[in-house]
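Everything below concerns the one structure shown next.
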Amino acid sequence: MLAPLFTLKLKQKILPRRVTIGKFDGVNPNLACATAAGKVFIHNPFSGSQMSQSATSMSRLVTSEDLVPDLYYLNIGQQISAMGAGCLGADTKDVLFVGSQTHFLAYDVHNNSDLFYRECPDGVNTIAHGYIADCNVPLVFAGGNCSISGFAEDGEDKFWTVTGDNVCSLALLDYNQDNVNELVVGSEDYEIRVFHSDEMIAEITETESVTCLAAMNGSKFGYALANGTVGVYDRNNRFWRIKSKNQAVSIFSYDLNGDGVDELITGWSSGKLDARSSHNGEVVFKDNFASAVAGIVEGDYRRDGTKQLITCSVDGEVRGYSPANKDTSHNLMDNDQEQDLIRELSQRKNNLLLELKNYSENTKAGKEVGGLKLSATTDVDGQHMGIIPANTQLQTSLQVTTETESMPSHVQLLINTTNSTVIKAVMIFAEGIFNGESHVVHPPTNGITSALSVPIFPPKDVPIDLHVKTFVGHKNSSQYHVFELSRQLPRFTLYVQAPPNTQQPRSFVSFPVNERINRVVMWINQNFLLDEEVCAIAADTELDLRLMALRTGCPIFLHMVPGTITIHCEDIDLVGDIVQALAASLNIENMSSTANFPEFIEKLKEVLVKVDEFHNVRQKLTAEMADHSNLIRSLVVRAEDARLMNDMNSMKQSYLKLYDLNRDLVNGYNIRCNNHSELLACLKIVNQGIQKAGRLRVGRPKTQVVTACRNAIKQGDVEKLFKIIECGGA
Amino acid sequence: MALVEKQLDPLFLARSYLRRRKFDSCVEICSKMLEKNPYDQCAWFMKAKALTEQVYVDEVEADTDGIAEMLMDDNSIAQVARPGTSFKKPGTSGQGTSTSQGIRPMSQSGRPVSGFVRPSTQSGRPGTMEQAIKTPRTAHTARPVTSASGRFVRLGTASMLSEPDGPFINPSQLNLAKYADRPGLNKVLFDYLFYHENDIKNSLELAALATQSSKYEDWWWKQQLGKCYYRLGLYRDAEKQFQSALKQQPTVDNYLYLAKVFVKLDQPLAALDLFEKGMEVFPGEVSLIIGSARVHEGLGDLDSSVKFYKKVFQYDASSVEAIACIGTHNFYSDMPEIALRSFRRLLQMGVVNTELYNNIGLCCFYAQQYDMSLTCFERAINLANKENVADVWYNIGHIAVGLGDSNLAYQAFQMALISDNNHAEAYNNLAVLEMRKGKVEQARAYFLSAITINQELYEAHYNLAILSEGQGDLNTSFKEVRKSLEAFAEHVDSKNLLAQLRQYFTLL
């Protein structure tokens, strides 16, 4: 059992995920945590010796038991949403980064001065620090509302890009082992995206918002989801994952058992702390806090030359662990491993015995059936034992069903057996389409037949692997055979051929493709779930495909002549999806396109006008509030003055005024809040708009579009923005 | 003359008046022109300009910390910063002995006395609100309740003067968006609103609109936005605007404004850094060097401060502030003759006031030119007004003590108290004289009144402690010596007394 090296009680609330450590004076690591009321406290374990000198005269006044003297507070004055620390520039001192919903502050703690203080209208949800490709200075990354910014020492944003949704987590690691870091971004739309510089090189879909990411050895990284899942990826292969009913608050990579390979340390909302092997997820160490874990960091907190694992709980308890020695590494766990092993083996033995018994009885029954011809009794017996004919097969098929009154349109998975056996139940495992990850269908006892259909509602256009387990048996047997099979749902499922009289949509995107039409046709047949195979008109010279998206009800016209593809559709998201999928399968690296989406642009225009309005209103409200707060201060002083002079009447008057003013201020604040949240929503739409425009291109043109759009918005040049969306960035 | 003026075109005449700073006449002519043609932009422009110039005060220097700002300060980030990095806790790092209270006295607000009175040198931070409210009543460091209600209200009273036909411009009826688009008129309108009307909210709106209409490319408007935010106490927003303006066009003003913001945010090192950068762009710009010196002085690092003041001399040999500060520094570094030179230079430059004669008198005394000394004090008294005569009398008493003429000293201190019965130092010295005479109870009473007036006066605490100890009242003595050490932690005599008292207590 590994005992903590040290335990500190800081007696301060710590906000979860807002814990960091940094060498703010260039030498000693200090813990910095966000606490209530927009404050940050910094714990300096080494200040004791310096403090005691200046405090000699005071030492009698302070009873040191009640106070933690090494804490000091920074007043940020805003709700803190993210914290970080790291070196920017040549200085060896670490800089403290504090993010709030509106601002980003880089603060030099040692010198009590700002490095920079920037407005971030997109908010700061998470902060990461380090080097990335194409930039030779360290940057600090702030992930906000659909956007990621990377700031250099002078507050200049050297890096900026958009993602599909709110960014929840960031990590820097060498994903493709090319010796430069990639930026890994987890967001609220369940995606983990990997950016090399500002180009997206990989995308992994998960099943919930990705709340934490942690870089591990090599190209491995740990992740945690909002539903309590924790796991490890190596590039895009998942090594393992586990799910808990608690939420992982913080994950961290640290070699706790001293074997040279980092373990994934997870701090849970229940106060549990565990270390799991990065390879198979086996628990190597466990500990418990009295309250939820707030954050995990590492640092040389005892100045003995090694880095300890430091874990903080929300109640301000701090524990430090140092890695175990090689020889003790096997028994980090509390309980005896041998006993565990014996228990596990005996369990397995029991299971095997049970299985064996089943088999032997089955063969016995089978013999009877074979030997004695069919008789009523044995038949019943056979059914009871759950024997089914050896040639029983399961057939599955996928079918698109259009909207009916009772059901929205969906994909139907039909399962039926080839003979009289019935399907008792079906279990489907698939990520991302069900609540949770599995779905069980078991018809009522009187409704059991040999065929079963399961409606599936894919929320997004992604290929999904369905792992289906079917319980097959006779009507009244108590034991069933399990048929396992997997079936892939193609990427674009909810689409059917459009009715012949459909109007061609006005919006379109067109791009050059140097591929034979046949390949595109093949791709369409693989990726769409259409009733009949598509084929090119007039032998390889033209392709005309008219589809209808069932989810939104808007038509899609795909037209290809050699060299160019044109897609007509009002839904820019969908077009982006198709373009990306098509480009990926045809191995197109760089592709620019021309786009024309009048409705989308119209909407964007409206939103931009609104953003401007919100900005103006906000400015007015801010000025008003500042005015009020000045008045409030003067009233407080006046009231106090009146109190000192024993003039109770004017004191009362002052406080009455104060009360009224305060009420006004609170009202004003509410208005401001509403205004801000609406502004945020609008900005999100704008960012997503840029992202959508980017998705109509591939590779370099895509990043060009994103950067150009950003610049146009910065300059407030709306016309230019639309031009870029239409024609690309160059 | 009048004939010539009648012959001149009124527009030209108004322009001439404006240039010659005869604002009243200019306003009069412009008003007449506007009566004839209310849409005469030229007349409107000049009238606004003239009215603004009448009340214009340089924004860089106009600054007062109100009580409320000081006590309810939520702008500074670090609450307990490392010594030497914050104005709140200046110079506890003990760089150089020149900052020691034993050598250089503290001002009423617990800060080393500077040679120059300037805005916000009074900004020591009292501990409690009660203390903060009491101090301005007792001493002559009247401090407004808030900065918004203080000097700026007085500056803005120009707008409250009744004008014969209503106010010239009524901000609430203006269509600011319309004016913002007119580059010729918007700046003068802004100045009028900001300086004359003191209407910060509307100025801000106008500045914001004008910035937009100039496509965020006019640094002047950004600077004005920053000024508005600064007045409203939104220092972070002000910082953003000044930074942005600075990026576009470095100007001296901008550096000074931004440094002011950093001072407000209690980040002196950031301010120093900024001055440094500014001096690279504008080498030899005196206001930047002086700014840097002020910040150093605020941090209690007087040696560096003096270094910067000396640098000022290279560029501007007649900077009053630099001369005064260097003189004060020399005086407190035991070089009264050299200090005398500085003060004499001030006198040559035409600065004639009580304080200067008072300082020269003191210098003369310490430089052993006794004949000059008393003459100087005589002049100082002749020039003095109600507010500073007490200090002169106090200094005369001080010299009398030095000369051993305790009768004169006694009378001088009494005179000081007659003109200002809140002069804590005079009470203290009077008490010491009483103590020498053996009137212990009288002395105690004087000490107590000194203490009630100024809590920070460590001498009074220490003296009372000594007195009580002599009488055997060890408890009071212990309490007082502790307070003395609170005000001045390095005071050796207090420490010795404390050690002695501790020993007594352990013996008991």
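The values are calculated or read from the model by the stated rules, or taken from the named source; none is laboratory data. As the structure is a computational prediction, the values presented were derived from the model and not from experiment. Heads up, the Cβs are rebuilt from the backbone with ideal geometry, glycines too, and the neighbour counts pull from every protein chain shown. Surface accessibility is based on the protein's heavy atoms, side chains included, excluding ligands, DNA and RNA. Shrake-Rupley method; radii C 1.70, N 1.55, O 1.52, S 1.80 Å.
I need the calculated FRET efficiency for the pair A:K720 and A:Q497, taking r as the beta carbon distance and R₀ as 56 Å, to the nearest 0.05.
0.90
Given charges of +1 on the Cβ of Lys and Arg and -1 on the Cβ of Asp and Glu, with all other atoms neutral, how large is the dipole of chain A about its Cα centre, in debye to the nearest 20?
The calculated dipole for chain A is roughly 1080 debye.
Around A:G89, what is the net charge, scoring Lys/Arg as +1 and Asp/Glu as -1 over all other residues with Cβ under 10 Å from its Cβ?
That works out to -2.
With a Förster radius of 22 Å, plug the Cβ-Cβ distance of A:E542 and A:N587 into 1/(1 + (r/R0)^6) and report the FRET value to the nearest 0.05.
On the way: r = 23 Å, r/R0 = 1.05.
According to the calculation, E is roughly 0.40.
State the three equivalent ellipsoid semi-axes of region A:495-570, derived from the C-alpha gyration tensor as the square roots of 5 times its eigenvalues, in descending order and whole Å.
20, 15, 11
Would you work out the Kirkwood radius for region A:388-489? I mean one over the mean of 1/r across all pairs of different Cα atoms, in Å. All intermediate terms of the calculation are to be shown ahead of the outcome.
On the way: mean 1/r = 0.0701 Å⁻¹.
Taking the inverse mean of 1/r over all distinct Cα pairs, region A:388-489 comes out at 14.3 Å.
Could you tell me the total accessible area buried at the A-B interface, probe 1.4 Å, in square angstrom to the nearest hundred?
Between A and B, the summed buried area is about 3700 Å².
Give the value in nm², to one decimal: projected area of the alpha carbon convex hull of region A:598-727, averaged over all directions.
9.7
Once you sort the root eigenvalues of the Cα gyration tensor of chain A as a ≥ b ≥ c, which label holds: rounded (a/c under 1.5), prolate (a/b larger than b/c) or oblate (the other case)?
The shape class here is oblate.
How large is log10 of I(q)/I(0) for the protein assembly as shown at q = 0.05, 0.06 Å⁻¹ when the intensity is taken from the Debye formula with one equal scatterer per alpha-carbon?
The computed values of log10 I(q)/I(0) come out as -0.53, -0.72.
At q = 0.16 Å⁻¹, what is the base-10 log of I(q)/I(0) for region B:390-508 according to the Debye formula with one equal point scatterer per Cα and no solvent? Please give it to two decimals.
-0.74
Hey, what number do you get for chain A at 222 nm if only DSSP H runs of n ≥ 4 count, each worth -39500 (n - 2.57), divided across all residues, to the nearest 500?
Calculated at 222 nm, the ellipticity per residue is -9500 deg cm²/dmol.
Pop out a list of residues from region B:473-497 that are at least 30 Å² less accessible with all the protein chains around than in their chain alone; 1.4 Å probe, no ligands or nucleic acids counted.
B:R482
Taking every pair of distinct Cα atoms and averaging 1/r, then inverting, what Kirkwood hydrodynamic radius in Å comes out for region A:581-672?
Hydrodynamic radius (Kirkwood, Cα pairs) of region A:581-672 is 18.0 Å.
Just to make sure I understand: if all protein chains stay in place, what is the order of A:C168, A:C682 by accessible area at 1.4 Å, largest first?
Details: A:C168 30, A:C682 10 Å².
The ordering from most to least exposed comes out as A:C168, A:C682.
Over all distinct Cα pairs, what is the inverse of the mean 1/r for region B:1-55, reported as the Kirkwood hydrodynamic radius in Å?
This gives a value of 11.0 Å.
Give the long-range amide H neighbours of A:V513: residues separated by 5 or more places, or on another chain, with amide H under 5 Å away, using H modelled in the peptide plane at 1.01 Å from N.
A:G563, A:T564, A:I565
Spin-label point model (7 Å from Cα, Cβ direction): what's the A:Q653 to B:S25 distance in nm?
4.7
A:N476 to A:A3: extension gain in nm, 0.36 nm per residue of separation minus the Cα-Cα distance? Before the final figure, lay out each step's value.
Working: separation 473, 0.36 × 473 = 170.28 nm, distance 5.71 nm.
So the extension gain works out to 164.6 nm.
Run the accessible area of region A:598-727 with a 1.4 Å probe and give the carbon-and-sulfur part as a rounded percent.
53
Please state the charge dipole magnitude for region A:598-727, taken about the Cα centre, from unit charges on C-beta atoms (+1 on K and R, -1 on D and E), reported in debye and rounded to the nearest 20.
Roughly 740 debye, rounded to the nearest 20.
Quick one: if you stick a label point 7 Å off each Cα along the C-beta vector at B:Q314 and A:I242, how many nm between them?
6.8
What distance in nm separates the two pseudo spin-label positions at A:R235 and A:E484, each 7 Å out from Cα along the beta-carbon direction?
2.6
Mind pulling the per residue volume of the convex hull built on the Cα atoms of region B:200-315? Å³ is fine. Could you put the intermediate results ahead of the total?
On the way: hull volume 10.0 nm³, N = 116.
Each residue corresponds to 86 Å³ of Cα convex hull volume.
With every protein chain present, what is the per residue accessible area of chain A (1.4 Å probe, Å²)?
That works out to 48 Å² for each residue.
Can you list the trypsin sites (Lys or Arg not before Pro) in region A:245-300 that are in a DSSP coil and have 14 or fewer other beta carbons within 10 angstrom?
Answer by residue number: A:K245.
Expressed as a whole number of Å, what is the distance separating the alpha-carbon centroids of region B:327-379 and region B:168-217?
So the separation of the two Cα centres works out to 50 Å.
Which three semi-axes in whole Å describe the equivalent ellipsoid of region B:437-484, each the square root of 5 times a Cα gyration tensor eigenvalue, listed largest first? Before the final figure, lay out the partial values.
Working: eigenvalues 48, 38, 10 Å².
Equivalent ellipsoid of region B:437-484: 16, 14, 7 Å, largest first.
Test of understanding: what is the full-extension gain from A:N711 to A:S346, defined as 0.36 nm times their sequence separation minus their Cα-Cα distance?
Fully extending the segment from A:N711 to A:S346 adds 124.7 nm.
Take the alpha carbon atoms of region A:83-161, find their center, do the same for region B:443-508, and report the distance between the two centers in whole angstrom.
What the calculation gives is 52 Å, centre to centre.
For a quick check of understanding: with a 1.4 angstrom probe and all protein chains in place, what accessible area in square angstrom does A:K475 have, to the nearest ten?
130
With both partners inside chain A, how many of the DSSP beta bridges are antiparallel, as a percent to the nearest 5? Numbers along the way, then the final one.
On the way: 165 of 166 bridges.
So the antiparallel bridges in chain A amount to around 100 percent.
Using a 1.4 angstrom probe and counting only protein chains, how large is the accessible area of A:H467 in Å², to 10?
90
Run the numbers on region B:255-300: which residues show a drop of 30 Å² or more in accessible area, chain on its own versus all protein chains together, using a 1.4 Å probe over heavy atoms?
The answer is B:Q267, B:L269.
Taking amide H positions as placed 1.01 Å from N in the peptide plane, with prolines and chain starts having none, which residues 5 or more places from B:L8, or on another chain, fall under 5 Å of its amide H?
Those lying under 5 Å, H to H, from B:L8: there are none.
Heavy atoms of the protein only, probe of 1.4 Å, neighbouring chains included. What is the accessible area of A:R506 in Å², nearest 10?
150
With θ taken as phi - 60° and the coefficients 6.51, -1.76 and 1.60, list the Karplus ³J(HN,Hα) couplings across region B:413-421 in order, rounded to whole Hz; mark glycine and proline as x.
So the Karplus estimates, Gly and Pro as x, are 5, 4, 4, 4, 6, 5, 7, 8, 7 Hz.
What does a probe at A:C135 reach in region B:228-250, counting residues whose amide N is under 16 Å from the point 7 Å along Cα→Cβ?
Of the residues in region B:228-250, none has backbone N under 16 Å from the label point off A:C135.
Give me the mean projected area, in nm² to one decimal, of the convex hull enclosing the Cα positions of region A:203-329. Please report the intermediate quantities before stating the final value.
On the way: hull surface 31.1 nm².
About 7.8 nm², averaged over all directions.
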